[in-house]
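Asks: Following this message is one structure expressed as structure tokens.
The numbers here are math on the coordinates, done by the rules we state, and not lab data. Just so it is clear, the model here is predicted, and its values are computed rather than measured. Backbone-built Cβ (ideal geometry, glycine too); neighbour counts: all protein chains shown.
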Amino acid sequence: MPGTVVVKIGSSSLMEGNHLHTGNMEAAADQLSALMKDGWKAVLVSSGAVAAGRMRLGLPAEGLTIPEKQAAAAVGQGVLMQAYERIFERRGIIIAQVLLTRDVMGERRRYVHARNTLMTLLHHRVLPIVNENDTVAVEEIRFGDNDALSAQVAVMVDADLLVLLTDTDGLYTADPRVDAGAVRIPRLAEITPQIWRVAGRTRSRVGTGGMRSKLQAARIASSTGIPTVIASARRSRAVLDAVEGKDGGTYVEPQPHIRGRKRWIAYSSAPRGRLIVDEGAVRALCLDGRSLLAPGLLDVQGSFSAGDVVSIVGPDGREIARGVVNYDARDLQNVRGLRSQDIREMGVAARKPEVVHRDDLVIMEEGWR
Ligand SMILES: Nc1ncnc2c1ncn2[C@@H]1O[C@H](COP(=O)(O)OP(=O)(O)O)[C@@H](O)[C@H]1O
Ligand SMILES: N[C@@H](CCC(=O)OP(=O)(O)O)C(=O)O
């Protein structure tokens, strides 16, 4: 049964010397158009704006300032889209440019708007080509790498599969650029700390995150029930094989998943503040499935409003959960450590007794990053 696939192609696969790697772009287009003709909905997350713009402007690969990179992205994004327009038009596919920043994901209303737009494009059989809006993205609203962006987009469109196309045939036991004896890992049930260590921070000359950021993306997708395949953009059937479940690259299995609003709380929203809680609260949340109450609060950090997503952090600094908070930061400072009854007596905003209600809370995995 045709479903929805998100395919991400990295800068390392889009550039060949000083030019766009049209061979890899055509290969991706062949596969995407074949899938779309079979009834699949597809989103392409394409990097390469900075690299393409840099080449066009004759700027060096290293040592660019942030404004230079952003200017390069403004040039390169046009170069990329022009190439995609030509390539997909020949295959009878209409494309759309969608540029996102992280703050869109962080605010429910904007998230829903962006999602509706993507869903409408998919409904009309258009191929959205997504990139980060590098020209306006400052640190606080940046995804930082398109692996993370593609995982968020996969969550957003409820994808059945995420494919990360790169310059390597998947995850190896060590960086194959460095260790000639490294072998491919075909399947991962889970991304353990050991696997995390295997993926070094090393990357191609033009790429951003290396394998680690791909694993991070796979982890987001996997924990929301979406499988990921990391594969080589040079293999002409990489996407088709991934869709057909054939071996090739590294397949990261999906975990039993959480849906809808909780997905958004966990992975798409940027927490606006931190609630530091004591051991008792950690146990109540993680083991007993309870709501967060004021007596367990040790500290309140950041300035947030009721209804924002906050990070809930144990006394050791580890993030244990995220949730929608029922109080403004200032009110919470006042009720910190108090019992529900005392709060009622103080009349603080006479709101819900829970600081974060169980239904608005998602337990995050252990923070081994
Ligand atoms: N264990 C590993 N297996 C495979 N590749 C690895 C590993 N560790 C690091 N890498 C590096 O990751 C690079 C791909 O990431 P990156 O350069 O960010 O590509 P992209 O532009 O596709 O996002 C590879 O070229 C390789 O050097
Ligand atoms: N938004 C940037 C991409 C950054 C990025 O993540 O690159 P890559 O690691 O090659 O996927 C660009 O278009 O240049």
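Asks: Show me 310-322, 109-121, 47-59 ranked by packing, highest mean number of other Cβ atoms within 10 Å first.
Replies: 47-59, 310-322, 109-121
Asks: Related question: Nearest 5 is fine: what % of DSSP beta bridges in the chain come out antiparallel, could you say?
Replies: Among the beta bridges of the chain, antiparallel pairing accounts for roughly 40 percent.
Asks: Return a whole-number percent for the relative contact order of the chain, with Cα pairs under 8 Å and 6 or more residues apart as the contact set.
Replies: 14
Asks: Shifting gears a bit: In region 98-257, what percentage of the DSSP-assigned beta bridges are antiparallel, given to the nearest 5?
Replies: That works out to approximately 30 percent antiparallel.
Asks: While we're here: Based on alpha-carbon centroids, what's the gap between region 301-331 and region 157-196 in Å, whole number please?
Replies: Taking the Cα centre of each part, region 301-331 and region 157-196 sit 34 Å apart.
Asks: Zone of ASN116 (label point 7 Å along Cα→Cβ, backbone N under 19 Å): which residues in region 150-194?
Replies: Counting backbone N atoms under 19 Å from the label point, the list is 156-158.
Asks: Provide the net charge surrounding VAL198, with neighbours chosen by a C-beta distance below 10 Å and charges set as Lys +1, Arg +1, Asp -1, Glu -1.
Replies: +1
Asks: With a length cut of 15 Å (Cα positions projected on each helix's long axis) and a Kyte-Doolittle mean of at least -0.5, go through the chain and give me the DSSP H helices that pass.
Replies: Result, helices passing both filters: 22-37, 66-89, 210-223.
Asks: Grab the other residues whose beta carbon is less than 12 angstrom from that of ASP241, score K and R as +1, D and E as -1, and report the net.
Replies: Its environment carries a net charge of 0.
Asks: Continuing with the same structure: With the cut-off at 22 Å, tell me which of the pairs LYS37/LYS246; LYS41/LYS262; LYS41/LYS246; LYS8/LYS262; LYS37/LYS262 have Cα atoms farther apart than that.
Replies: LYS41/LYS262; LYS8/LYS262; LYS37/LYS262, as the Cα separations exceed 22 Å there.
Asks: So, one more: Where the only charges are on Cβ atoms (+1 Lys, Arg; -1 Asp, Glu), what is the dipole of the chain about its Cα centre, to the nearest 20 debye?
Replies: About 420 debye.
Asks: Rounded if a/c is under 1.5, else prolate if a/b is larger than b/c, else oblate: which is region 4-262, with a ≥ b ≥ c the root eigenvalues of its Cα gyration tensor?
Replies: rounded
Asks: May I ask you to order 25-34, 160-169 by the average number of other C-beta atoms within 10 Å around their residues, highest value first?
Replies: 160-169, 25-34
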